[in-house]
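Student: Shown below is the structure under consideration.
Laboratory data are not the source of any read-out in this text; all were calculated from the coordinates shown. Just so it is clear, the model here is predicted, and its values are computed rather than measured. Here the Cβ positions follow ideal geometry from the backbone for every residue, glycine too, while neighbour counts run over all protein chains shown.
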Amino acid sequence: MKLLFCNNCLAVFSLSHSIKKCDCGETSGQYVGNLLAEFSGPATMIGFLNSDFKIALNSKGMDFKAFTIEEPCQSFKRI
Ligand SMILES: [Zn+2]
């Protein structure tokens, strides 16, 4: 799963196939395919493995690993 963190207002939000914006409106993004996403603004890309997250959801309180995604990234492009 891909998330965006707005470095300006500190909002973290998921993406969908319609444009979403952070609380301050500076960062926005959306999926443009099954795996490809585009974003703009003062953002840091965040990812985590869906499989690890699913295990954590079912384990109530278990840690899971999230990571920042370095640019350039072929599946998450700044526009
Ligand atoms: Zn913002």
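Student: Separation between the ILE79 and ASP23 pseudo-spin-labels, each 7 Å from Cα along Cα→Cβ, expressed in nm?
Tutor: Placing both labels 7 Å beyond Cα along the Cβ direction yields 2.6 nm.
Student: Explain nothing, just compute: Karplus ³J(HN,Hα) = 6.51 cos²θ - 1.76 cosθ + 1.60, θ = phi - 60°, for every residue of segment 57-71 in order, whole Hz, x for Gly and Pro.
Tutor: 4, 7, 10, 6, x, 6, 5, 9, 9, 10, 8, 7, 9, 6, 9
Student: What FRET efficiency would be calculated for the residue pair SER40, LYS65, taking the C-beta separation as r and a Förster radius of 35 Å, to the nearest 0.05?
Tutor: 0.85
Student: Then there's this: Sort PHE48, PHE13 by Cβ crowding within 10 Å, fewest neighbours at the top.
Tutor: Fewest-to-most ranking of PHE48, PHE13: PHE48, PHE13.
Student: What are the ³J(HN,Hα) values, in whole Hz, obtained from phi via the Karplus relation 6.51 cos²θ - 1.76 cosθ + 1.60 with θ = phi - 60°, for each residue of segment 20-37 in sequence order, with x given for Gly and Pro?
Tutor: Running phi through 6.51 cos²θ - 1.76 cosθ + 1.60 with θ = phi - 60° gives 10, 10, 6, 5, 8, x, 7, 10, 8, x, 6, 6, 10, x, 5, 10, 7, 10 Hz.
Student: Could you give me the radius of gyration and the Dmax of the chain, taking only the C-alpha atoms into account and expressing both in angstrom?
Tutor: 12.9, 38
Student: Going through the chain, which GluC sites (Glu not before Pro) have at most 12 other Cβ atoms within 10 Å and a DSSP loop state?
Tutor: The qualifying sites are GLU70.
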